[in-house]
Amino acid sequence: MKVRQRKKLTARLMASLLRDDLPAMLALLRAGADPNAADRDGTTPLYLAALHNNPVAARILMDAGADPNVESGPGDEGTPLTGAAAWGHADVVRALLTHNADPNLREDHGVGLSPLEWAARVGHTETEALLRAAGATPAQTPRQ
């Protein structure tokens with residue numbers, strides 16, 4: 001598949017996600033759209049599904065091979081799990097954890113906040129409990 005064709009498929013996949021058009025998403029993935037390919041802004045489809053609180057789309061993407069531990073954007077977006085945790089999208093968090101998202105993976109290439117820190121910071125107690133049950137641990141603070 002040529003680069004131009006891959007870019008078009010990625011753009012169409014992202015557009016179908018924004019429209020919540022799951023049949024179009026499935027058709028594009030079957031046609032060869034890469035579920036891990038970022039758009040021209042660097043946003044990945046799975047991150048977009050996580051932010052838009054679309055657990056069904058997230059599952060479809062991960063079943064098609066989307067990696068739940070890939071960071072989206074050029075450093076300003078984070079992982080799908082940090083995005084879902086920050087917004088309290090518990091159903092998306094469940095889907096990501098079921099597909100082996102790392103509950104301790106920090107955004108910003110390992111130096112930013114963890115999903116648990118995001119959930120706690122903004123008061124999403126259900127999401128926080130899901131992450132703890134999945135093995136998320138709070139940041140270690142130096143002992144005084």
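Nothing in this text is a laboratory measurement; each read-out follows from the coordinates by a stated rule. All values reported here derive from a predicted model rather than from experimental measurement. Note that each Cβ is placed from the backbone with ideal geometry, even for glycine, and that neighbours are counted across all protein chains shown.
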**Fill in**
Under Stokes-Einstein, the chain at 37 °C and 0.692 mPa s, with its Kirkwood radius over C-alpha pairs, diffuses with a coefficient in µm²/s of 216
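Can you name the helices of the chain, as whole DSSP H runs, whose Cα span along the helix axis is 15 Å or more and whose Kyte-Doolittle mean is not below -0.5? Please report the intermediate quantities before stating the final value.
On the way: long enough: 3-18 (23 Å, -0.09).
TM-like helix candidates: 3-18.
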**Asked** By how many nm would the segment from residue 5 to residue 129 lengthen if fully extended, with 0.36 nm per residue of separation less the alpha-carbon distance?
**Response** 40.4 nm
**Which of 114, 135, 42, positive extreme of dipole for the chain (C-beta unit charges)** = 42
**Request:** Grab the DSSP H runs of the chain that are 4 residues or longer, score each as -39,500 (n - 2.57), total them, divide by all residues and round the 222 nm result to the nearest 500 deg cm²/dmol.
**Result:** -14500 deg cm²/dmol
**Request:** For residue 122 and residue 98, compute 0.36 nm times the residue count separating them, minus their Cα-Cα distance, and round to one decimal in nm.
**Result:** 6.3 nm
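Sorting 56, 111 on the 10 Å Cβ count, fewest up front, what's the list?
Working: 56 14, 111 7.
In increasing order of surrounding Cβ atoms, one gets 111, 56.
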**Message:** What FRET efficiency comes out for residue 56 versus residue 139 if R0 is 35 angstrom and r is the Cβ-Cβ distance? Round to the nearest 0.05.
**Reply:** 0.60
